[in-house]
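**Q** Encoded as structure tokens, here's the structure I'll be asking about.
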Amino acid sequence: MPLERFSAAWREQYVSSATASANASGGDRCVFCELAGAGVSEDSGVLWRTDTTYVALNAFPYGSGHLLVLPVSHVARLEDLSEVEYQDFFLTLRRVVVALQGAYGPDGMNVGMNLGQAGGAGIPMHLHGHVLPRWNGDTNFMTTIGETRVLPESLQSTWQKVHAQLEHRP
Ligand SMILES: [Zn+2]
């Protein structure tokens, strides 16, 4: 199971980049910028993209269907997005919520952003929103973070289900 989770190349990059940026502040590479350049595919983990926004699997999901919504631009703060980028970001966020509803039919969802290191962002230099389906009986979002959990489905399966829903919507 762990092998499956960590097999794809970009996930390995994610690990090394996250570690590198934690060790060297103001690091040279940004894994989210690299991912922004990847095409929509199961291998890249990218599910959807527009000119200014893209959607990717979270390499370390807290549960099934945990996705990230990101601006293509390397910006850390909401206020650094242009008006067009800002609107597209939230339109995409809404699209993801609808797609996850269609793919999983969860009882609820967490939608949120951790801004800055103190806000809990793993990669604070590149803005990203989390969307996570939730079910009655789940523990709350904060206590879920940091726990090791057995995943109910593979990332590949998540990609296929959600990608179909994203494509399906006008
Ligand atoms: Zn970046």
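**Q** Please identify the pairs in which a residue from the range 118-140 that is touching a residue at least 40 places away in the same chain (Cβ under 8 Å) has its Cβ atom under 8 Å from the Cβ atom of a residue that is among the charged types (D, E, K, R) and away from the ligand (no atom under 16 Å from the Cβ), counting only partners at least 6 apart or on another chain.
**A** Correct list of pairs: R134/D107.
**Q** Evaluate the range 21-32: report whether one residue or more is modelled with pLDDT under 95, among the hydroxyl-bearing types (S, T, Y), closer than 22 Å to M125 by Cβ and within 16 Å of the ligand (Cβ to nearest atom).
**A** yes
**Q** Here is a follow-up. Taking the condition in contact (Cβ under 8 Å) with a residue 24 or more places away in the chain, away from the ligand (no atom under 13 Å from the Cβ), surrounded by fewer than 19 Cβ atoms within 10 Å (Cβ to Cβ) and not β-branched (V, I, T), does L67 pass?
**A** Details: in contact (Cβ under 8 Å) with a residue 24 or more places away in the chain: yes; away from the ligand (no atom under 13 Å from the Cβ): yes; surrounded by fewer than 19 Cβ atoms within 10 Å (Cβ to Cβ): no; not β-branched (V, I, T): yes.
No: the conditions fail for L67.
**Q** So L81 clears everything in (1) closer than 26 Å to S157 by Cβ; (2) surrounded by 14 or more Cβ atoms within 10 Å (Cβ to Cβ); (3) touching a residue at least 12 places away in the same chain (Cβ under 8 Å) except one condition, right? Which one?
**A** Result: L81 fails condition (1) only.
**Q** Another question, if that's okay. Criterion first (modelled with pLDDT of 90 or more, within 13 Å of the chain's Cα centre (by Cα) and under 20 Å from F32 (Cα atoms)) does H163 satisfy it?
**A** Numbers: modelled with pLDDT of 90 or more: yes; within 13 Å of the chain's Cα centre (by Cα): no; under 20 Å from F32 (Cα atoms): yes.
Answer is no for this residue.
**Q** I've got another one for you. Mind listing just one residue for me: the one in the range 28-50 that is surrounded by fewer than 20 Cβ atoms within 10 Å (Cβ to Cβ) and free of Cβ contacts under 8 Å to residues at least 24 places away in the same chain and, of those, farthest from K161 (Cα to Cα)?
**A** D28
**Q** Also: Determine, yes or no, whether N136 is more than 16 Å from the ligand (Cβ to nearest atom) and at pLDDT below 95.
**A** Details: more than 16 Å from the ligand (Cβ to nearest atom): yes; at pLDDT below 95: yes.
Here the answer is yes, as N136 does meet what is asked.
**Q** Further, regarding this structure: Among the numbered criteria (1) part of a loop (DSSP other than H, G, I, E, B); (2) buried (at least 19 other Cβ atoms within 10 Å of the Cβ), which single criterion is violated by L132?
**A** Of everything listed in (1) part of a loop (DSSP other than H, G, I, E, B); (2) buried (at least 19 other Cβ atoms within 10 Å of the Cβ), L132 misses just condition (1).
**Q** I'm trying to understand the selection: among the residues of the range 94-121, which are small (G, A, S), within 16 Å of the ligand (Cβ to nearest atom) and surrounded by 14 or more Cβ atoms within 10 Å (Cβ to Cβ)? Steps first, please.
**A** Residues of the range 94-121 small (G, A, S): 99, 102-103, 105, 108, 112, 116, 118-121.
Restricting the remaining residues to those that are within 16 Å of the ligand (Cβ to nearest atom) gives 116, 121.
Residue satisfying the conditions is A121 alone.
The values are calculated or read from the model by the stated rules, or taken from the named source; none is laboratory data. Predicted model only: the values in this text are computed from it and were never measured. When we count neighbours, we look across all protein chains shown, and the Cβ atoms used for this are built from the backbone with ideal geometry, even at glycine.
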